[in-house]
């Protein structure tokens, strides 16, 4: 593809955006008591409304892809334009000035699954799926966690047994975002139970509408149902839909997980990012606490942590955009993101007090409960905070591994209620 300068590219992008969207009105300063009183990590929507939003998002992404802006840095062989990260950033800056449908339904599909297929998929799988995912002809979900294997992913029990040129998958997955509107899924299954738990896993691409796949919504304490549990009953998958080598699924999973942690860590604090912090500042002013030195100090600490996390996230994301594999810095990003969410929730709870739990109808009070109820999910998604601390401690700080209790431990026979060792 011929070289195109940033200026030429911006002119092309601006023409596309002007023809297919409308410019945003000048951003108004946040005013306490005006606008929708919504604060949430997981927005409550009916499945019908959710599917309607996904349809709008797909239509926009398809038009953008066909115009050459759907995968700006991607390889031309799969529909990308092969341009630089600078071109990508230039387009994103322009698109931010226009009204476009929410694209969050593609976060897992494009941020996690598509890169994994590109890195580990067979030629047939890459040819079949990568372009379709980026064009939004298909949407993908991630099927890792199980009822007995959440943070300890390597303990999963969903099994895949070989049958000629196919694999037969049976088991259950849980906390699957977007399964209800996904066409395909990336699943990790156990293919050799006799190997150590990290070494007997294999990744696959599964048709989410294949016989034997059952999707059930999970109701959360926020009232919404953003997640699902998925059951596989002898679901057949062709061998050319395998990701990587047999029993090398742990490396496949790490590719996906590092990208997932980048996506979670890059969040702006939940429920609106920087605007959420503007809302908090105005809340402090509204209740006359902007002159309280303790509140001001805590608020400054909150904002500084968010800014530092943003700088770290940008460094990590630039590494990925340059073609390097994500590393343990993604665990730092994810851990910082969830800790900043906890700081935010704690601060809001102290400012609002009883107004947070009693729905008095007062604007800007009880609505925060949806955020606080949804926030704990972030400490589990993409690997729990405890797992992230282990990764940072061992791979970044060089600390020794946690010995734990295993078959060689002096405490291997210790049972609850006994003194036996």
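The values are calculated or read from the model by the stated rules, or taken from the named source; none is laboratory data. Predicted model, so just to flag it, every value in this text is computed and none were measured. No Cβ is skipped: glycine too gets one built from the backbone with ideal geometry, and neighbour counts run over all protein chains shown.
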Quick check on segment 64-85: of everything there that is in a helix (DSSP H, G or I), touching a residue at least 24 places away in the same chain (Cβ under 8 Å) and out of contact with any helix residue (DSSP H, G or I) (no Cβ under 6 Å at 6 or more places or on another chain), which residue is farthest from residue 10 (Cα to Cα)?
76
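Per-residue answers, yes or no, for (1) at pLDDT 95 or above; (2) within 17 Å of residue 251 (Cα to Cα):
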residue: 89; (1), (2): no, no
residue: 93; (1), (2): no, no
residue: 97; (1), (2): no, no
residue: 108; (1), (2): no, no
residue: 113; (1), (2): yes, yes
residue: 125; (1), (2): yes, no
residue: 129; (1), (2): yes, no
Can you tell which of 139, 188 is touching a residue at least 12 places away in the same chain (Cβ under 8 Å), under 24 Å from residue 379 (Cβ atoms), buried (at least 16 other Cβ atoms within 10 Å of the Cβ) and touching a helix residue (DSSP H, G or I) at 6+ places or on another chain (Cβ under 8 Å)?
188
Boolean, residue 115 is in the same structural domain as residue 218 (by TED's automatic domain parsing) and either surrounded by fewer than 21 Cβ atoms within 10 Å (Cβ to Cβ) or within 28 Å of residue 314 (Cα to Cα) (or both):
no
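Residue-by-condition table, conditions (1) at positive phi; (2) in contact with a helix residue (DSSP H, G or I) (Cβ under 6 Å, 6 or more places away or on another chain); (3) modelled with pLDDT of 90 or more:
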| residue | (1), (2), (3) |
| --- | --- |
| 354 | no, no, yes |
| 370 | no, no, no |
| 374 | no, no, no |
| 389 | no, no, no |
| 404 | yes, no, no |
When (1) surrounded by fewer than 17 Cβ atoms within 10 Å (Cβ to Cβ); (2) at pLDDT 90 or above; (3) not in a loop (DSSP other than H, G, I, E, B) are applied to residue 393, the one that fails is (2)
Based on what the data block shows, is residue 146 surrounded by fewer than 17 Cβ atoms within 10 Å (Cβ to Cβ) and either in the same structural domain as residue 183 (by TED's automatic domain parsing) or farther than 30 Å from residue 24 by Cβ (or both)?
no
